[in-house]
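Asker: Handing you this structure, nothing more for now.
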Amino acid sequence: MRVRALTVRIIKQFVHDKRTLAMMLVAPLLILTIISLVFNGEEVVPAIGVEQVPEPIKSVMEKQDITIEEMNEEEAEQKFEDGSLDAWISIENQQPRIILEGSDPGKNQMTLSIMQRSMKPQYNVMEPEVEYYYGSEDMTSFDNIGPVLIGFFAFFFVFLLSGVSFLRERTGGTLERLMASPIRKSEVVIGYLLGFGFFTLIQSTLIVFYSIYVLDLLMIGDFIWVLAVTLLCAFTALSLGTLLSAFAQNELQMIQFIPIVIVPQVFFSGLFDLEAISDWVSWIGPITPLYYAADALRDVMIRGLGFDEIAMDLAVLLGFSLFFSIANIFALRKYRSF
């Protein structure tokens, strides 16, 4: 009887906790659906520019469903910079010359293999001259995904810890006592963000320094821009974590936000080839902060770009932070009755 009573109590507890029940039943299906659409999306087709390439070679390329376009080297460099070209090939004095975009080792290898296979019937004994617009042949997979991981870990841990910490302030009664005082809601939000932000600054600096100088992650650009992007990414997580904690009653409910808020961002941050993701879900990436943080970190660390090229990403991250902070001020209204 005691076991039966305990079992019934647990079942009733779960039935009354609609959020936990929904997370148990719906979240796994949602994540599995996203994974399916990510990995069963479109096939990646390299975009290749050509100049003075014989028709037989172009015919072989076209038979492999490769997108080829006639262009000179200057046009190819412009397309490398806007990310719309994977490689450029020209034939000068019977010597094949290949320039790879270079920021993704996996795509480099695939593109190089396709082009060498296409040229083999015409230039069987002549090795092509291979150059890299970004990176080099020594670039590893970790160099490629490392910038994304810096942004992800800064975002994940700050989101979780800030959300739980702010929740404890509320459940412990500290927030209610603050709201009973004459202090403004905006002052409460700014005070908490600055307090948590101090440790966010330390954490972001430590992550960036350790990744670059201890793990020897590829670093072409300026350290200060990597730190700026990571800080803005962490601050966005901080403002989002404190905002969502207002809708959680305990730590378990705060952790339940992870499959909804964190996991989908992983798939659209650039860890997986964004060109291969199904059009049904490709719109999710541009509405998530980690998408812009990862793009800016790769631009700086792999491509060596500066402020002008990452300004839009920084502006979007700042916009996310301001939006979540303002929303947090409105969320605090329910804790003040006057």
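Asker: Taking the options LEU305, LEU322, name whichever one is at pLDDT 90 or above, farther than 30 Å from MET24 by Cα and not in a helix (DSSP H, G or I).
Answerer: LEU305
Asker: ALA47 fails exactly one of the following numbered conditions: (1) in contact with a Ser or Thr (Cβ under 8 Å, 6 or more places away or on another chain); (2) within 24 Å of PHE257 (Cα to Cα); (3) modelled with pLDDT of 80 or more. What is the number of that condition?
Answerer: Tallying (1) in contact with a Ser or Thr (Cβ under 8 Å, 6 or more places away or on another chain); (2) within 24 Å of PHE257 (Cα to Cα); (3) modelled with pLDDT of 80 or more, ALA47 fails exactly one: (2).
Asker: Another one. Determine whether ASP295 is open to solvent by 10 Å² or more (accessible area, probe 1.4 Å) and part of a helix (DSSP H, G or I).
Answerer: Yes, satisfied.
Asker: Pairs under 8 Å by beta carbon, first residue closer than 13 Å to ALA331 by Cβ in segment 161-172, partner surrounded by fewer than 18 Cβ atoms within 10 Å (Cβ to Cβ) and hydroxyl-bearing (Ser, Thr, Tyr), six or more apart or different chains?
Answerer: Correct list of pairs: ARG170/TYR335.
Asker: I'd like to know if segment 198-215 contains one or more residues that are closer than 30 Å to HIS16 by Cβ, in a helix (DSSP H, G or I) and either of a type in the set (S, T, N, Q) or free of Cβ contacts under 8 Å to residues at least 40 places away in the same chain (or both).
Answerer: Scanning segment 198-215 turns up no residue that is closer than 30 Å to HIS16 by Cβ, in a helix (DSSP H, G or I) and either of a type in the set (S, T, N, Q) or free of Cβ contacts under 8 Å to residues at least 40 places away in the same chain (or both).
Asker: Right, here's the next one. From the list VAL125, VAL148, VAL158, exactly one residue is open to solvent by 50 Å² or more (accessible area, probe 1.4 Å) and either touching a Ser or Thr at 6+ places or on another chain (Cβ under 9 Å) or modelled with pLDDT under 85 (or both). Which is it?
Answerer: After ruling out the rest, the residue left standing is VAL125.
Asker: Right, here's the next one. Any residue at all in segment 260-276 that is in contact with a helix residue (DSSP H, G or I) (Cβ under 8 Å, 6 or more places away or on another chain), assigned to a helix (DSSP H, G or I) and over 26 Å from PRO105 (Cα atoms)?
Answerer: Yes, because at least one residue in segment 260-276 is in contact with a helix residue (DSSP H, G or I) (Cβ under 8 Å, 6 or more places away or on another chain), assigned to a helix (DSSP H, G or I) and over 26 Å from PRO105 (Cα atoms).
Asker: Only residues that are of a type in the set (Val, Ile, Thr) and open to solvent by less than 40 Å² (accessible area, probe 1.4 Å): list them for segment 161-178, please.
Answerer: Selection gives VAL164 alone.
Asker: Find the residue count for segment 76-97, including only residues that are surrounded by 20 or more Cβ atoms within 10 Å (Cβ to Cβ), within 18 Å of TYR134 (Cα to Cα) and not aromatic (Phe, Trp, Tyr).
Answerer: Summing the residues that are surrounded by 20 or more Cβ atoms within 10 Å (Cβ to Cβ), within 18 Å of TYR134 (Cα to Cα) and not aromatic (Phe, Trp, Tyr) in segment 76-97 gives 5.
Asker: Only one residue in ILE260, ILE287 is of a type outside the set (D, E, K, R) and farther than 22 Å from LEU318 by Cβ, so which one is that?
Answerer: Unique residue meeting the criteria: ILE260.
Asker: Within segment 250-290, can you find the residues that are open to solvent by 40 Å² or more (accessible area, probe 1.4 Å), of a type outside the set (A, V, I, L, M, F, W, C) and more than 24 Å from MET23 (Cβ to Cβ)?
Answerer: ASP273, GLU275, ASP279, SER282, PRO286
Asker: Which of the numbered conditions does GLN52 fail, given that it passes all the others? Conditions: (1) at positive phi; (2) within 36 Å of the chain's Cα centre (by Cα).
Answerer: Tallying (1) at positive phi; (2) within 36 Å of the chain's Cα centre (by Cα), GLN52 fails exactly one: (2).
The values are calculated or read from the model by the stated rules, or taken from the named source; none is laboratory data. Since the model is a prediction, treat every value here as computed from it, not as a measurement. Because the Cβ atoms are built from the backbone with ideal geometry, glycine has one as well, and the counts that use them run over all protein chains shown. Ligands, DNA and RNA are stripped out before the accessible areas are found, and what is left, the full protein with its side chains, is counted by its heavy atoms. Shrake-Rupley method; radii C 1.70, N 1.55, O 1.52, S 1.80 Å.
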